[in-house]
1. For Lys58, indicate whether it is over 18 Å from Phe157 (Cα atoms), in a loop (DSSP other than H, G, I, E, B) and touching a residue at least 40 places away in the same chain (Cβ under 8 Å).
2. Answer yes or no as to whether Ala97 is without any contact (Cβ under 8 Å) to a residue 24 or more places away in the chain, within 16 Å of the ligand (Cβ to nearest atom) and not in a strand (DSSP E or B).
3. Please name all residue pairs, on different chains or six or more residues apart, with Cβ atoms under 8 Å, provided the first residue is in segment 136-160 and is over 19 Å from Met55 (Cβ atoms) and without any contact (Cβ under 8 Å) to a residue 60 or more places away in the chain and the second residue is more than 9 Å from the ligand (Cβ to nearest atom) and in a strand (DSSP E or B).
4. Report, by residue number, each residue of segment 127-146 that is surrounded by 15 or more Cβ atoms within 10 Å (Cβ to Cβ) and either of a type in the set (Phe, Trp, Tyr) or assigned to a loop (DSSP other than H, G, I, E, B) (or both).
5. In the list Ala102, Ala151, which residue meets the criterion of being away from the ligand (no atom under 12 Å from the Cβ), farther than 18 Å from Thr44 by Cα and aliphatic (A, V, I, L, M)?
Amino acid sequence: MNSKLLSVITLGMIAVSSVLSAPQAFAAAPKAAKMATAAGKAVTLNIASNGEQMMYNKKELSVPANSKVTVIFQNKSAALKHNWVLVKAGKGDKVAAAGIAAGESKGYVVASSDVIAYTKLSAAGKKVQVTFQAPKKGTYDFLCTSPGHNAIMKGKFVVK
Ligand SMILES: [Cu+2]
């Protein structure tokens, strides 16, 4: 075999191998995207107010670590306005006080390092939602910062 023919064959093989590897590269891309989704799994949690009581229908919510969390809050009251506010453990009263001072036009929430996520203030009978990255593993508090509600309208949010 002369060297010219050998180099033509070699070039041909390189051309074939790059054609073959192209679809594999395309196939690999969605797989990588799926793995990224698995690492930050989307989790949707539903919670509602308990009729006309200043209460949620759940005392605890939990999500796996690294979740991308969506909390959907359904305000089942015909009269009361509520929200759903996730805060660092033990910061509920402080966050509620700041929110009440800020007033209804601010949705009774003031963003701060104590506040992890919050919905808008929900009018009676409406639904609001918020999506956020789960904080690190641990136990957090959630509450409604509508004036006077947080004494009993609260619960635990656990990241496992
Ligand atoms: Cu409330």
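Laboratory data are not the source of any read-out in this text; all were calculated from the coordinates shown. Every value quoted in this text rests on a predicted model; they were computed, and no experiment measured them. Methodologically, a virtual Cβ is constructed for each residue, glycine included, from the backbone with ideal geometry; neighbour enumeration extends over all protein chains shown.
1. Spelling it out, it is not the case that Lys58 is over 18 Å from Phe157 (Cα atoms), in a loop (DSSP other than H, G, I, E, B) and touching a residue at least 40 places away in the same chain (Cβ under 8 Å).
2. Judged against the criteria, Ala97 is a match.
3. Pairs found: Gly138/Val158; Gly138/Val159; Thr139/Lys156; Thr139/Phe157; Thr139/Val158; Thr139/Val159.
4. Listed by number, the residues that qualify are Ala134, Pro135, Tyr140, Phe142, Cys144, Thr145, Ser146.
5. Result: Ala102 is the single residue among Ala102, Ala151 that is away from the ligand (no atom under 12 Å from the Cβ), farther than 18 Å from Thr44 by Cα and aliphatic (A, V, I, L, M).
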